[in-house]
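In what follows, a structure is listed as structure tokens, so that the remarks can point back to it.
The values are calculated or read from the model by the stated rules, or taken from the named source; none is laboratory data. Computed from a predicted structure; not experimentally measured. Heads up, the Cβs are rebuilt from the backbone with ideal geometry, glycines too, and the neighbour counts pull from every protein chain shown.
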Amino acid sequence: MFFRSTQSTPRSNRTLGVTAIASGLLLVSAFLFVTGALAAAGQVALSRAAFLLEGLQLMGPTVFFLVGSVVAVSAIGLLGLRNWARRTTSVLLAVTVGGAIPAISSAVVDFRIWSLLTEALKVTICVVTWFYLMQPEVKEAFGRQRENLSLKS
């Protein structure tokens, strides 16, 4: 029901930006799955994904798989132009920006330039991505998909 094949989704409706965002999310998800498996096997430290998990990695490798699954489902939904996936991605982006605030504050206080730059880059990517997903043309593409599905029913 939620994951219909992409055959029902005209590729012409999906913008290049949405495809790029979904591809990036799939890469993040794959990184979390691989890192989680390696962390569960004791091959890498849990802190390997601290940049993405913002402290959640301390809860163990299960969090890697949980967050990776949510990100993967959101990416697949974006590829299918599902509006719930656009909203879920927006929430994920907001949580990522919120999680970066303590790291940025710490980097400013301790004058760690590299950490400050990487966190600022992450926040910038999240804000630009959110801004793109909120554009009227992009919202319209997701709306057209809903109209196409309701006409077929």
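Quick notes on this one:
- Whenever a residue of the range 16-31 is assigned to a helix (DSSP H, G or I), its partners that are aromatic (Phe, Trp, Tyr), lying with C-beta atoms within less than 6 angstrom and at least six residues away or across chains, give the pairs Gly17/Tyr132.
Here is a yes/no grid of residues against (1) farther than 14 Å from Leu25 by Cβ; (2) not in a helix (DSSP H, G or I):
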residue	(1), (2)
Gln43	yes, yes
Phe51	yes, no
Gly77	no, no
Trp84	yes, no
Val95	no, no
Val127	yes, no
Tyr132	no, no
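- Single unsatisfied condition, Gly42 versus (1) at pLDDT 95 or above; (2) exposed (fewer than 14 other Cβ atoms within 10 Å of the Cβ): (1)
- From the list Thr35, Thr89, Thr96, the lone residue that is of a type in the set (Ser, Thr, Tyr), over 29 Å from Lys139 (Cβ atoms) and surrounded by 17 or more Cβ atoms within 10 Å (Cβ to Cβ) is Thr35.
- Each residue in the range 51-86 was checked for being surrounded by fewer than 17 Cβ atoms within 10 Å (Cβ to Cβ) and among the small types (Gly, Ala, Ser), and 3 of them qualify.
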